[in-house]
Amino acid sequence: MLSRPHHQKPHENDVEAGDAHVDSQNSATGESSSASGNDMDGLGEYAALDRFVSTYREDTKGADEEDDKAPKKRPWWKFWGLGHEDNRRRSLAPGDGIPEDWLNTDINTGINTADIEPRRRLTGWNELMAAKTNPIAQFIGYFRGPILYVMELAALLAAGLGDWIDFGVIVGILLLNAFVGFYQEKQAADVVASLKGDIAMRCTVVRDGQKTNILARELVLGDIVVIQEGDTVPADARLICDYDHPEDFTIYKRLLAEDKFGHHDSGDEEEKEDGDTRRGSVYYMMQHTNRPLLAVDQSAITGESLAVEKYMGDIVYYTTGCKRGKAYALVTATARQSFVGKTADLVQGANDQGHFKAVMNNIGTSLLVLVMFWIIAAWIGGFFRHIPVTVGAEQTLFRSALILMIVGVPVGLPVVTTTTLAVGAAYLAKQKAIVQKLTAIESLAGVDILCSDKTGTLTANKLSLRDPFVSEGQDVDWMMAVAALASSHSVKSLDPIDKVTVLALKRYPRARQILQQGWVTEKFTPFDPVSKRITAVCRLGEDTFTCAKGAPRAILKLTECAEPTASLYRDKAQEFARRGFRSLGVAVKKNNEPWVLLGLLSMFDPPREDTAQTIIEAAQLGVPVKMLTGDAIAIAKETCKMLSLGTKVYNSEKLIHGGLSGSVQHDFVERADGFAEVFPEHKYAVVEMLQQRGHLTAMTGDGVNDAPSLKKADCGIAVEGSSEAAQAAADIVFLAPGLSTIVLAIKTSRQIFQRMKSYIQYRIALCLHLEIYLVLSMIILNETIRAELIVFIALFADLATVAVAYDNAYWDPRPVEWQLPKIWVISVILGILLAIGTWICRATMLLPSGGIIQNFGSVQEVLFLEVALTENWLIFVTRGGKTWPSWQLVGAIFGVDVLATLFCIFGWLSGRPVQTSPPGGYDQREDGWTDVVTVVIIWLFSFGVTVVIAVVYFLLNKWSWLNNLGRKDRSHKDTKLENVLASLQKLTVEHEIDSKTGADRFHLVEKIHEQEEDL
């Protein structure tokens, strides 16, 4: 098999005869890349590679990760000092306001422990995160808002009237809501924080003369860090020297002092000619700066797909990945002041509460207006009844106002909705979806288009090797062995293509036998964007083989094979491209013989196993998926075919520079199934156009350059493995790979939305119920329910419905929205029905037989129990009947119902019996007790009222007109406006100065796109 190259005829004009030569810088980097990490446990390079192939398992974690310990957490009740460091943060540029000696750390000793805290006080922790909220300020926030201000005014009014029971209960309701909301939100935040702690980055640092492994967030300015292949750069840092050559630190210091970094010229030509290579000479030192220390993947920042070589004195950026090499580096900027941190700050807007807060404000304001209307109506009726304003009777106008303020303002509305969102966020966090802004849940529930990345989200981001093409007369095992020879052998950090090439040897045992014959890698040149290939010079016995793997065309140029062979090779390469496969040519040269074309490897990033089913589920949820990928259009179309996404996939250039504009461009984006070869600006444009059409759009992204589009989207989603800048800009961060998590999050968010919507309908109906009944009762019967009992009705309603957050809600099969007109129509009808039920109950007590009261009872307590039962049971109506209620909700409501029954039986807070006009035919005891038979009848009557309301509610939801009331057009098209805006975008203002008068002149002209493209 190894003799195959001997059969090839030598070629005299071999243009690649010198390809075995690799320049010194590439050789230095290449050798470390090829061999590093393979001599562990005393194994040689190829023995270690063979063991890697045998023992490799997917998704394994190092033992050191399991031993990591989370930092000690401050107890939640120790709120003092929180935010002390963060409140004084300043954005510091490297060197700005920083003592010079902070950036002159010795690589052997590092900084001292005593120096850490002063530096941290200046720049804060090395992490991108929102400023911590002071718990006291957060707790006080639960007493702010229009609805809460009215309740606080009611408490002051109760105190002014000397009604201390009402005052105490109202204050109790306010404190209860605040404590419940604070506790639930804190619990949710703790779940999120614990998950974030599990994925905390770590790094190796030199401190007090010792190398130690710490959390990356603990880094400070001036720290010496060790960065090696496979690591994520923990902060902006300046490279000092190679890890294996710490003596070069003196060269670094001298070049830094002479400000030589950034000028990678060849040095003094005279010195070079004289051959002066003395240590300390300018030429010698500049040779060191021209030798790459690391190769860094900056694709998340710049979009470059190839690793960038970094030299002595270069800056490596926070969150980028090290692909090759190992070096010392000096931290010059922590996360908040890093390049990535400043980019993240640019997309951080104000703390916008979004659409959710607008809806809550709308409902709150409307209820306040209704309260004022009913108070005015009650006062007008009171004047006719000659009821005093403040004192002089049991019933006063101010007391009536107090009662209406209590019943008309849903004090629990902000807290119950916040609690529902917080509990939902905690559940999502357990499903590996971290909600960074609670209101994002509402946005996600209404999303109707999902723009998704391909790599890592729709696909597994793990290349798989398809059946290779082998040139005529060649052996597949020999070709696979050559491909493995022309790969990096650093098992610690393999490039994805090299990894799949090496692991494919499991399927080719004879190729593994070839590699076990004693090969030695003499030189290794990583992928070169100029030659577009990887080259390795390997020795076996007395023979030297130059192995090459790379772009098909580049490999074909190396050889001068027969035309039929070359033609078949090109056809196969084109076939692979049409099918969306990545293809790599493989060739080998033995000694000075000609290059031999061995064949083609075909690779493909396969879709995840669950992706196709997930896309179908997303479509059933009314959320079509549009694929946005940086890959070639052939790969994008092939992926779409495999996922049944549709093949209307276009090159992104057609979107921006395809001559489309205005309404046509918007139609194009709406109808497309995806775009290929996209850049961040294309993603932003797609999201913007979809939003202009009225769509609520979710966007996935992972890089720093995705941050603007993530921020622009209605719901920005940072996918698993995303950069910290992307996470900072996103509303939701996924810790699990794939699209299934997104679909699960959509379903969960719709369940959360349903809980909030059912509660809001319920709470509006409750407000209207008592407002209608009490005002009419004041006007007609000159009576009301006592204020003390009213506040307990409000308290019971809030106690019971806090459990709504834990209810078993259903998820709507289409994108949801508030539909406020529909909510108001249904709530008003439910409120009127409740009021009619209470009026019927009261009217029976005017009958000679006493009506609902059998033996004895109190009007106040009977009305109190009827109101409490029908209102509490209403939540079972508004929540719908598609799922069974949770035990938490049933238990909470049953508990307050029992308590309300005890109030009725024992006449608690019933007051003195009041005779109305006309008088009722029943016996009222002075102690306010009610007999058990009457209580049973009240329960049965309330159940009957609830059944009637449930039937009406069911019929209302079957009414198609009402179901669509308030729904927005998700594909709103304003052709004229879109065309006008598109035309305006083509115009620019041109400024010139009149040569005669010197006056400024401005002209409106059309942009010249050709010049812009040239620039």
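At a Förster distance of 51 Å, what's the computed FRET efficiency of LYS253 paired with ARG1001, Cβ-Cβ distance as r, to 0.05?
On the way: r = 57 Å, r/R0 = 1.12.
Efficiency, rounded to the nearest 0.05: 0.35.
Can you find, among GLY580, LEU568, ASN592, the residue sitting farthest towards the positive end of the charge dipole of the range 559-630, where Lys and Arg contribute +1 and Asp and Glu -1 at Cβ?
Checking the options against the dipole of the range 559-630, the answer is ASN592.
Taking R0 as 45 Å, what FRET efficiency do you get between ILE780 and ALA358 from their Cβ-Cβ distance, rounded to the nearest 0.05?
Here the calculated transfer efficiency is 0.70.
Using 0.36 nm times the number of residues separating GLN613 and ILE832, minus their current alpha carbon distance, what extension gain do you get?
Working: separation 219, 0.36 × 219 = 78.84 nm, distance 4.62 nm.
Length difference between fully extended and current span is 74.2 nm.
Taking the mean number of other Cβ atoms within 10 Å as a proxy for protection, how do you rank 562-575, 798-811 from highest to lowest?
Values: 562-575: 14.3, 798-811: 22.1.
Listed from highest to lowest mean packing, they are 798-811, 562-575.
Mind giving me the nanometre distance, one decimal, between the label points for TRP887 and ARG51, set 7 Å out from Cα along Cα→Cβ?
Placing both labels 7 Å along Cα→Cβ, they lie 5.3 nm apart.
Kindly identify the range 681-810 as rounded, prolate or oblate by the Cα gyration tensor criterion: order the square roots of the eigenvalues as a ≥ b ≥ c, call it rounded if a/c is under 1.5, otherwise compare a/b with b/c, prolate if a/b is larger, else oblate.
Numbers: a/c = 3.92, a/b = 2.72, b/c = 1.44.
Since a/c reaches 1.5 and a/b is larger than b/c, the shape of the range 681-810 is classed as prolate.
Just order 157-165, 136-144, 217-225, 772-780 by mean Cβ neighbour count inside 10 Å, highest at the front, would you?
Values: 157-165: 15.9, 136-144: 14.2, 217-225: 23.8, 772-780: 20.3.
Most protected by this proxy first, the peptides run 217-225, 772-780, 157-165, 136-144.
Could you tell me how far the Cα centroid of the range 583-661 sits from the Cα centroid of the range 454-478, in Å?
Centre-to-centre distance over Cα atoms comes out at 14 Å.
For the pair ASP543 and ILE116, what calculated FRET efficiency results from E = 1/(1 + (r/R0)^6), where r is the Cβ-Cβ distance and R0 = 41 Å, to the nearest 0.05? List each step's numbers first, then the result.
Values: r = 57 Å, r/R0 = 1.39.
Given R0 = 41 Å and the Cβ-Cβ separation, E is 0.10.
On full extension of the chain, what length is gained from GLN692 through ILE993, given 0.36 nm per residue of separation minus the C-alpha to C-alpha distance?
104.5 nm
Just order 452-460, 519-527 by mean Cβ neighbour count inside 10 Å, highest at the front, would you? Before the final figure, lay out each step's value.
On the way: 452-460: 23.0, 519-527: 19.8.
Result, highest mean first: 452-460, 519-527.
7 Å from Cα along Cα→Cβ at both GLU653 and ALA950: what's the point-to-point distance in nm?
6.5 nm
For the pair THR565/ARG967, report the inter-label distance in nm, with labels modelled 7 Å from Cα in the Cβ direction.
For THR565 paired with ARG967, the spin-label model returns 6.6 nm.
Ignoring ligands and nucleic acids, what accessible area does HIS245 show with a 1.4 Å probe (Å², nearest 10)?
80 Å²
Rounded, prolate or oblate: which fits the range 756-833 when a ≥ b ≥ c are the square roots of the eigenvalues of the alpha-carbon gyration tensor, with rounded for a/c under 1.5 and prolate only if a/b beats b/c?
Values: a/c = 4.42, a/b = 1.70, b/c = 2.61.
Oblate, since a/c reaches 1.5 and b/c is not below a/b.
Grab the Cα-Cα distance for ASN104 and TRP164, subtract it from 0.36 nm times how many residues apart they are, and report the gain in nm with one decimal. Could the numbers behind the result be given before it?
Working: separation 60, 0.36 × 60 = 21.60 nm, distance 6.84 nm.
Difference between extended and current length: 14.8 nm.
The values are calculated or read from the model by the stated rules, or taken from the named source; none is laboratory data. Every value quoted in this text rests on a predicted model; they were computed, and no experiment measured them. Here the Cβ is made from the backbone with ideal geometry for all residues, glycine too, and neighbour counts use every protein chain on show. Heads up: the accessible areas ignore ligands, DNA and RNA and are worked out on the full protein's heavy atoms, side chains in. Shrake-Rupley method; radii C 1.70, N 1.55, O 1.52, S 1.80 Å.
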